[in-house]
Amino acid sequence: MPASISDQAQARVRVFLALFLLWLAGNALRLTILAVPPVIPLIHDQLRLSATQIGILTGLPSMLLAAAAVPGSLIVAKLGVRWALVVGLLATAIGGALRGLFPDVGWLYAMTIATAAGVAIMQVTMPSAVRAWVPDRIAFATAVYTNGLLIGEVIPVALMLPFVVPLVGSWQWGFVVFSVPVAIIALIVAAFAPKPATAAGAPVRRRWWPDWRNHLIWRLGFMLGTVNAVYFSTNAFIPDYLRGHGQGEWISAALTGLNAGQLPASALLLLFASRLQLKAWPIIAVGVFSVIATLGIVFGNGPIVVAAASLQGFASAAILVLLLALPPLLSPPDDVHRVTAAMFTISYSCAVITPIISGMLWDWSGMAALAFAPIGIAGLLLILLAPAINHVPRAEA
């Protein structure tokens, strides 16, 4: 009996440690990327960027999250979950810290690519880590690391302009500040990540290339793509949009609302995810919220913009949690990284073009409001694609 109690205690400690590592890694998924939107006006002025170039800067992370997803699957297959995650964390930290080393847009683009490549590797690895480290609590573990992701979005947005930039003196050093924790998390994961179970017999050769013939993956990928397009584009254009309309004092509050608004959605889904999973109506509701929020940002001012941005964040987080739980729930352990890579490739490919189109519409027309037209259209597409969730097979008990 004492041995049994001891085994149970050790099992609980392992689960807690795994959940803590997932939460930390979730933070690292967004700390460096979301340090950019608050200082876009500063970068815009110092490097003399056009709205189209701002759109490219914002679209680059999405492009790499799409382009590096399948190579990330290969890295997981070759290195395993722990070391694939460490590689992604280190690439993110190094690239993120070096973005402001030279005052040149080409260098900024290059280091943004390196940062986003590291994030892409992590994003493909996380569902596999959930399946490998917490196989009996997949939905809860997904909600835990997604909660970490959301907190990793809120912290840089809330702290960059009011505290970090005044403290360190520039946006360049601000990027370094938010890269250091990511490097520390890499060391913690390397030291404490659960070891993979050893299987008897010859080692299994993992597959890494996604099954592109799976129509369901395409439909779910497009759904996630609309949400990514809405979220990243809104982050990109709120600062200059508000400044252009003489409401620059609301930039920090609006961006904080966009990201902090995701936390209530995360909390609700920790409680109700099992009831909402595999149903179309929550997705439709998210699409409606997104369209309403976009209209509020364009036609509102001051507090209305902050409230609309918060609603946009709530909608984005809700669909993110619901969709990210699907690969580890629906796939065999050795296929999770392949399914995840396919979904991310499709979804972030959709997100790449949206901020660029938004920036071009602004530049060509001179009307800042047109930058939000593609964002509203993405919300409408999500409503149309929502019935795809009805075709997701339920996991067997």
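The values are calculated or read from the model by the stated rules, or taken from the named source; none is laboratory data. Please read all numbers here as calculations on a predicted model, not as lab measurements. Positions of Cβ are backbone-derived with ideal geometry, glycine not excepted, and every protein chain shown enters the neighbour counts. Just so you know, the surface numbers come from the protein's heavy atoms only, side chains and all, with ligands and any DNA or RNA stripped out. Shrake-Rupley method; radii C 1.70, N 1.55, O 1.52, S 1.80 Å.
Considering the range 361-374 alone, what residues qualify as being surrounded by 17 or more Cβ atoms within 10 Å (Cβ to Cβ) and closer than 16 Å to Ile56 by Cα?
Leu361, Trp362, Ala371, Phe372, Pro374
Given the criterion under 18 Å from Val157 (Cα atoms) and among the small types (Gly, Ala, Ser), identify the matching residue among Gly26, Gly72. Show your work before the answer.
On the way: Gly72 fails: under 18 Å from Val157 (Cα atoms).
Just one listed residue meets the conditions, Gly26.
Kindly list, by first and then second residue, each pair from a residue in the range 345-357 that is within 17 Å of Leu216 (Cα to Cα) and in contact (Cβ under 8 Å) with a residue 24 or more places away in the chain to a residue that is open to solvent by 40 Å² or more (accessible area, probe 1.4 Å) and in a helix (DSSP H, G or I), limited to pairs with Cβ atoms under 7 Å and residues at least 6 apart or on different chains.
Final answer for the pair search is Ile346/Trp218; Ile346/Phe222; Cys350/Phe222.
Would you kindly identify the helices (runs of 4 or more DSSP H) lying entirely within the range 208-299 that contain at least 2 residues that are open to solvent by 50 Å² or more (accessible area, probe 1.4 Å) and closer than 26 Å to Ala35 by Cβ?
Numbers: elements: 215-244, 251-260, 262-276, 281-299.
Helices (runs of 4 or more DSSP H) meeting the threshold: 215-244, 262-276.
Here are the criteria: (1) closer than 21 Å to Ala183 by Cα; (2) basic (Lys, Arg); (3) open to solvent by 10 Å² or more (accessible area, probe 1.4 Å). Tell me which single one Arg99 does not satisfy.
The one condition Arg99 does not meet is (3).
Hey, any hits in the range 128-148 for a residue that's closer than 23 Å to Met63 by Cβ and not hydroxyl-bearing (Ser, Thr, Tyr)?
no
Can you name the helices (runs of 4 or more DSSP H) wholly within the range 64-133 that have at least 3 residues being modelled with pLDDT under 90, touching a Pro at 6+ places or on another chain (Cβ under 7 Å) and closer than 27 Å to Phe20 by Cα? Steps first, answer last, please.
On the way: elements: 69-79, 81-98, 105-133.
Correct list: 105-133.
Inside the range 65-96, can you point out the residues that are within 22 Å of Pro374 (Cβ to Cβ) and open to solvent by less than 20 Å² (accessible area, probe 1.4 Å)? Step through it out loud before you land on a result.
Step one: filter the range 65-96 for residues within 22 Å of Pro374 (Cβ to Cβ), giving 65-67.
If the condition is that a residue be within 22 Å of Pro374 (Cβ to Cβ) and open to solvent by less than 20 Å² (accessible area, probe 1.4 Å), then Leu65, Ala66 are the ones that fit.
List the number of the failed condition for Ala158; all other conditions in (1) open to solvent by less than 40 Å² (accessible area, probe 1.4 Å); (2) closer than 28 Å to Ile346 by Cβ; (3) among the aliphatic types (A, V, I, L, M) hold.
It is condition (2) that Ala158 fails.
Run Ala35 past the list (1) closer than 18 Å to Val352 by Cα; (2) open to solvent by less than 20 Å² (accessible area, probe 1.4 Å) and report the number of the one that doesn't hold.
Ala35 satisfies every listed condition except (1).
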